[in-house]
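Computed from the coordinates by the stated procedures, all read-outs in this text should not be read as laboratory data. This one's a predicted model, so the numbers in the text were calculated from it and none came from an experiment. Reconstructed Cβ throughout: ideal geometry from the backbone, glycine too, with neighbour counts over all protein chains shown.
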Amino acid sequence: MSKDFSLHPELASTFALPVDLLYFLLVAISTFFTVAVVVVIIVFCVKYRRRSEDERPKPIHGSLPLELAWSIIPFFICMGVFTLGADMFFRMYRAPADAIDVYVVGKQWMWKIQHPEGKREINELHVPVNTPVRLTMTSEDVIHAFSIPAFRTKRDVVPGRYNTMWFESTKVGEYHLFCAEYCGTQHSTMIGKVVVMEEQDYQNWLSGGAAGESMVEAGMRQFEQLGCATCHKPQSGGRGPTLTGVYGAPVQLASGDIVVADEAYIRESILQPTSQVVNGYQPIMPTFQGQISEETLLQLITYIKSLSEPTE
Amino acid sequence: MTTTVTPESPAAADRGEDNYLNHEYGIKSWLLTVDHKRIGLLYLITTTMFFALGGVFAGLIRLELMTPQGDMFQADTYNKLFTMHGVAMIFFFLIPSVPAVLGNFVLPLMIGAKDVAFPRLNLLSWYCYITGGALATFAIVAGGVDTGWTFYTPYSSTYSSGFVALALTGVFINGFSSILTGVNFLTTIHKMRAPGMTWFRLPLFIWAHYATSLMMILGTPVVAITLLLVALENLLGIGIFNPDLGGDPILMQHLFWFYSHPAVYIMIVPGFGVISEVIACFSRKAIFGYSFVAFSSLAIALLGFLVWGHHMFTTGQSVYASMVFSFITFFIAVPTAVKVFNWTATMYRGSIDLKTPMLYAIGFMGLFLIGGLTGTFLSTMAMDIHLHDTYFVVSHFHYVMVGGMVMAYLSGLHFWWPKMTGRLYNEAMAKTGAVLIFLGFNLTFFPQFVLGYLGMPRRYHVYPEEFQILHVASTGGATVLGLGYIIMFSCLIYSLFRGAKAGPNPWTAKGLEWEIESPPIAHNFHETPIVTSEPYAYEEEDVLLADKASH
């Protein structure tokens, strides 16, 4: 984070350069049109200034070729820029498969961050350089937005759903982290920093401090404590469906629909269990709405996800 | 255009012995008036009060942002200031300004009508406006609202402690004033045009108001619906927007922007109408590409309903939905560009006189162009991700709303001021105001584009210190801008007392409103005018009431 004034923000992710190129293209197009129109207006104002009160210039009612030209040319320029922007947007949307996961919970007015290895932090996000990182984010209260200007990316953090964003940092350093969506009184203090570290430093940082349980371990502990395991047994035959291998797989619902068991589905099944019941089971699971925190929920989901990973 | 006017002593008209201002006296004659011109003036006075209020809030915001620490106000006070600035300016100044002030005054005059189609509804619309305004003002006095003018849930519905319900009720009631004005204008334009005033003889101001009225009628009810849904959720516990009840907070954004994006065009399209009139008059030329300018207003009105999702690229809405919204947003740039090119072409080989209204109109073109072009940055999906919710957005919409809309409004106000009041203002003083407003505006808002690109988020009470220099520049600009507004208002008010008599047509403009006395008589026309020629027939000899009457 530079404390000095600059006219250009730092470039610190793989998105930064393409987004900046798009920006400069737009600046060039805008400058061209603004200067062109302003110069023409000024020239007209001087050249055709009223010299006498009796002037009655000849009317010119229009010109179809001109109208077509100044409709079609801007149209094609617009379509070009649209295509570039949409293409880049798609690349910003899809996280690479090998991205490491980090979990973010926003609340008034702080960012709570959990790494799968168990490390937690507040208002700071440590990430390794040159590694794709995927953030899975939700909010405990109102809508926030996780914004990292140096990475040229941001995403709203919405209560009741998981939004994801990803980035790959390119430069070791510290960068601003802002909440960009107005979230109440102390909105402007819901800030922090993203610390980009060399891989080795990151590993040292992860293993430093009090050795805690990993998110999967914590999720497994919760799974036992909350009594989930009573019904959701490792093999079929329990009162609830087995959760082994369920993440990412299609699920046949009692309603006849088929949904893919992603984070959002698992979340909803915990909080509103009767809304999407699996075919062949009774809607007997109690709701956990309001009883477990967003962080616990993320740990449970991480644990359930781990049940679908090939065992070593 | 040609009119048939009952011969009348020109001397009587010049002395202004009987006009809409002195036709009746007393407070009651104003508060119960059904005269569209008087209602226009009522709107002028009340919208100006809200403009001043919103302006004071803006000044306080800029003062706070002089330093990064947030040392002038509490965070909560700051949040209330920017919320009330937005609410006052958008709902109680920008939306009613051109249609309800200038539209009410000149729309019937321009089409040769004695009044709007439903004069009593017109008065009711003003009462809706002041009732809504009073509630919103009461919400400010009682403790304020801190949700931002966008009222996003669940903050506004569950977490905010301010007087949200009261302010929203004010906005709700005020919405009916828009709807009533829209209904009135549509009916008036359809049914009350003077003989010979065919659709393609309508001044472009009328076309712009036709498009605006459509948007007002179709869009405004959605805000009312949204509010009712919020009320249902809070009172009956039905989950609509609150995720704890199984609702979706993003749905509220969809509904909000379904109205509020067209509302942007409700604000700016009437301004387009003003600019067409002013540029034609002070270039003494017919508008280049009349039908393109007219239909581009309708195209913008239609497409304006299909772009709301471009406010929501970062919310996690479907990428394909975002793509469609981005595409249509780029599409809407074309009719907007067409207008600017046509206005510029209108000046070609004209006889250009840089009177105050024309200065504002030219200022409008430059600023609106920048506002529109920076809009394409934000409709470029990947670019918007970086710029969304930063000062870039703040600057962009101020270029459109203040640089565009307010400049157009002031252009129109200075253009029709002699018609409304019968007085001329001091040209030098008015021009000084116009130039200061133009310079001050750019100084205020251009640095904010840079701030936004650097990543400065909007609605921040305290901010990192590297942004300070640009904030100080912006506050300096706001000071110049404020001075410009004060000079402009003083100049207009002074003209009421000391201004020279305007006469029917001080600008040698074309159009029915310039063929009658200034100020007009209570029923506008002594006899129904008959229109026999195209609009903007600046090559024809002037037809002045005085000349006609003396024939």
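Computed over chain B, the convex hull of the alpha-carbon atoms projects to a mean area of 24.1 nm². Rounded to 0.05, the FRET efficiency of the B:I493 and B:W30 pair, given R0 = 22 Å and the Cβ-Cβ distance, is 0.75. Pairs spanning more than 31 Å between alpha-carbon atoms, out of B:K285/B:K431; A:K171/B:K80; B:K37/B:K355; B:K37/B:K339; B:K191/B:K339; B:K80/B:K339: A:K171/B:K80; B:K80/B:K339. Sorting B:S291, B:S156, B:S351 from the fewest to the most surrounding beta carbons within 10 angstrom yields B:S291, B:S351, B:S156.
What does the charge add up to near B:G40, with Lys and Arg as +1, Asp and Glu as -1, over the other residues with Cβ less than 14 Å from its Cβ?
Working: positive: B:K37, B:R38, B:K419; negative: B:D35, B:D115, B:E513.
That works out to 0.
Among the residues of A:47-53, the average count of other protein chain beta-carbon atoms within 10 Å of the residue beta-carbon is 5.
So how tilted is helix B:319-347 from the main axis of chain B? Cα-based, degrees 0 to 90, rounded to 10. Compared with the principal axis, the helix lies near 30 degrees.
Starting from the alpha-carbon convex hull of chain A, give the projected area averaged over all orientations, in nm². It would help to have the intermediate numbers written out before the result.
Values: hull surface 103.0 nm².
Taking a quarter of the hull surface, the average projection is 25.8 nm².
Restricted to Cα atoms, the stretch B:423-551 shows a radius of gyration and a Dmax of 23.0, 73 angstrom.
The stretch A:41-79 and the stretch B:307-342 have Cα centres separated by 27 Å.
Remark: B:T158, B:T188, A:T274 ranked as A:T274, B:T158, B:T188, counting other beta-carbon atoms within 10 Å and listing the fewest first. Other protein chain C-beta atoms within 10 Å of residue C-beta, averaged over A:21-29: 3. The distance separating the Cα centre of the stretch B:62-107 from that of the stretch B:214-275 comes to 20 Å.
Net charge near B:H254: determine it from the other residues with C-beta under 14 Å of the C-beta of B:H254, scoring Lys and Arg +1 and Asp and Glu -1.
On the way: positive: none; negative: A:D156, B:D248.
Local net charge: -2.
Taking every alpha-carbon pair under 8 Å whose residues sit at least 6 apart, chain B reaches a relative contact order of 22 percent.
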